Every structure is written in C-alpha cells, then in structure tokens.
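Notes follow the structure.
No lab work stands behind these numbers, since they all come straight from the coordinates. None of the values given here were measured: they were computed from a predicted structure. Please note: Cβ atoms are built from the backbone with ideal geometry, for glycine as well, and neighbour counts cover all protein chains shown.
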Amino acid sequence: MSLRVGVLTGGGDAPGLNAAICGLGRRLVAAGAELIGFEDGWRGLMQDRTRSLQHENFQHLLVYGGTLIGSSGDNPYRHPATDVPKVLATVRRHRLDALVAIGGEGTLGAADRLFRDHALPIVGVPKTIDNDLEATDFTFGFFSAVEVATRAMDDLRSTAESHARVMVVECMGRHAGWITAYAGVAAGAEGILVPERPAHLEELCGRLEHLRQSGAKSAIVAVAEGARVWEDGVCLSSSERDEFGEYRTGGMAELVARRIRERIQWDARHLVLGHLQRAGRPTAFDRIFALRLGARAARLVLEGRFGYMAAMRAGEIVEVPLQTAVAARKLISDKFLDRYESFFLPIGGP
Ligand code: F6P
C-alpha cells in the first residue's frame, strides 16, 4: 500500500511556500506516495479540510508566492484539551503515515509537541520572512522580503532628494530586525533601528543633523516594526501586549518621522512596507532553497525518520531535531551589528 502523507503550511505566508510544497511533492509522488494538503495550517487538521495534491503541476507551482493550500496562525495547543484530539482524529481518519509541517516558530512548536507527546510521525520545514529561527542559517522568504524592502528604499531616494526629506521606512520584524538590517545596509540607509539594539532618538537626530550640515539633502532611515526607541530616558515603543503576550508593534516609522520633524525641523515622511514584504514571487534563490528543503523533508518521510526538520547550515541542507528548531529565537548577533557598525546607532536604551 502506498504511503499517505499530509502537508500543511502555517503562520504568516512567505514567498517560497509553494516551492517547498513542490520539492516535497515531486519526490513523494515520484516514490508512489499519496500527498494530501491540509488547508489553512493546523486549522485544516482541526476541521478536517483537505485538498488532494496528487495531480498538481508541481513544476508550475514553484514560481508563485503565497501558498496553494492556505495558511493560518491557528495552533492546536491554544486549546489543547479540545483541539489536539481533533488533530489526532484527523490523522487517524486519513490513515496518514506522515505529516509535514511547513512553518515558523508557532507551527513547528506545535509539530514538536505533537511528535513528543503523541508520537505523531512529523517532519518540519522552516519558513518565516523574519529569519529568526535559530536552527537554520536562513529561512526561505527572507531574501525575497529583503529584496522588496531594499528596492523600496532605493526607489525612495529620488523623491527624498527632490523634496529634501528624510524617508523613514518601516520593515516587518517584531523581535528580530533581520529584514531591516539587511535591506538597510544594502540600501545604504543613514540610520537603522532594530529591536536588538535599542536606540536613542537624540542620537538619531544628532546624526541626521550632522549629515545635513555636511551637505546631505535627504536621508533614509530603516526602522523595524519592533524597534526599541528611547527619547529622554523613556521608551517610546509600545509596552502593550497582545493576547499571546507579544508586544504590540507597528507605528514606529510614523513616530520616528514625527520626532525628526519636531526635533530638527527636517521634513520627514514615513512608509510602512507591511505585507508587501510577504507578497509577490519568491526570488530565484528562495525558490531553489525552498525546493531543496521540501525535497529533504520528503527524504526524511521516505526513510521513516520523524521529529526532524530540514535546515540550512553553512550552505548545506541538513537535518536537525524539531526540538532544537524551536528552542531559541535567532536575533541579530553582535558580530553582525559590529561589522556594519556605522549603519546602526550606538548602543542606547535605559
Ligand atoms: O512573522 C511574520 C510576520 O510577517 C511578522 O514580521 C509580522 O509582524 C507579522 O507576520 C504580521 O502578521 P499578520 O499577517 O498577522 O499581520
């Protein structure tokens, strides 16, 4: 009897999800396995909603952004008493031999717990545009997002210059400022504010003023949505938490632009790149990277090795235990911040 394999994509979408499904599906279907997509992440397993991927044109699929099978942030461990049994029942009903979970911290965290608590035969594939999973050097979707943000900053230069303005650009990243850092450095931003290195507005404005005095007509400031920004000893970033205990983020670029106008009377505008960073087609790198991860997940399934996640280490695709994949969040290292020291503000904070 052929293997029956389920796949889900959970959390915020990331360019390359379809390529990962493609890498997985091509190898599994070629090996005679049956591939079943569960719609909208873990919700599809809780509600038993499926879509057959058996006859999908995988080759064609890989160029598109988004995810063919939908995604959601639902997680059976939010209400484990009712939702975990639903997931287990769906797995039994479909007589699944394996389940492949493609997602970030939340999705893979649930996968890890289902593997350890219920011996569910699970394999993980990491994804997040935020690039903040410790067990892998990079996640697919990240470089696509960086490309969008870099281009936006590049393009804003001309209008900033025409109007002698500062453009403050907000990138995604609640805890980790990877997109802001990479795009900011690539675009030669005059200031980069990330959660990992709290910054003082006085410092930022001082730097901008110095640039203006030196003849600069315009400037670009890259701000992560979760940047920790201080002014006169007070943290201006939100201390409010949402229902999951996470800081409420967003609005940083608007606030920073307003303060620049007020403090140094340099005209400033803000732009929130938002979901554009997750939109559109993946870069060629992300397509191939995601294909490779998907193919490795298929290999793990075919070899009957569960509780692992495919990951990238030093350019190679490797396997790591799911548990290590969700153990820690990967923040921008001091090494990176020091290497590009001149882009970031000196260490500030309280
Ligand atoms: O985790 C990925 C991410 O893109 C974050 O950078 C961002 O804060 C969040 O998702 C936005 O999520 P939503 O799609 O729920 O608005």
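One line per residue, one yes/no per condition, for (1) in contact with a Gly (Cβ under 8 Å, 6 or more places away or on another chain); (2) closer than 30 Å to E170 by Cα; (3) away from the ligand (no atom under 16 Å from the Cβ); (4) among the β-branched types (V, I, T):
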site: R49; (1), (2), (3), (4): no, no, yes, no
site: G65; (1), (2), (3), (4): yes, yes, no, no
site: H79; (1), (2), (3), (4): no, no, yes, no
site: D83; (1), (2), (3), (4): no, no, yes, no
site: R95; (1), (2), (3), (4): no, no, yes, no
site: R113; (1), (2), (3), (4): no, no, yes, no
site: I129; (1), (2), (3), (4): yes, yes, no, yes
site: A145; (1), (2), (3), (4): no, yes, no, no
site: A152; (1), (2), (3), (4): no, yes, no, no
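Whether a residue is away from the ligand (no atom under 16 Å from the Cβ) and either over 25 Å from the mean Cα position of the chain (by Cα) or at positive phi (or both) was assessed, and L35 passes this test.
In the list E190, E202, E170, E231, which residue meets the criterion of being of a type in the set (D, E, K, R) and buried (at least 24 other Cβ atoms within 10 Å of the Cβ)?
On the way: E190 fails: buried (at least 24 other Cβ atoms within 10 Å of the Cβ); E202 fails: buried (at least 24 other Cβ atoms within 10 Å of the Cβ); E231 fails: buried (at least 24 other Cβ atoms within 10 Å of the Cβ).
After applying the criteria, what remains is E170.
Selection over region 14-42 of residues that are of a type outside the set (G, A, S) and surrounded by 22 or more Cβ atoms within 10 Å (Cβ to Cβ) gives a count of 10. V223 satisfies every condition listed in (1) without any contact (Cβ under 8 Å) to a residue 24 or more places away in the chain; (2) within 16 Å of the ligand (Cβ to nearest atom); (3) not in a loop (DSSP other than H, G, I, E, B) except (1).
So which residues in region 99-122 are more than 20 Å from P15 (Cα to Cα), in contact with a strand residue (DSSP E or B) (Cβ under 7 Å, 6 or more places away or on another chain) and crowded, with 24+ Cβ neighbours inside 10 Å, if there are any at all? The answer is L99, A111, L114, I122.
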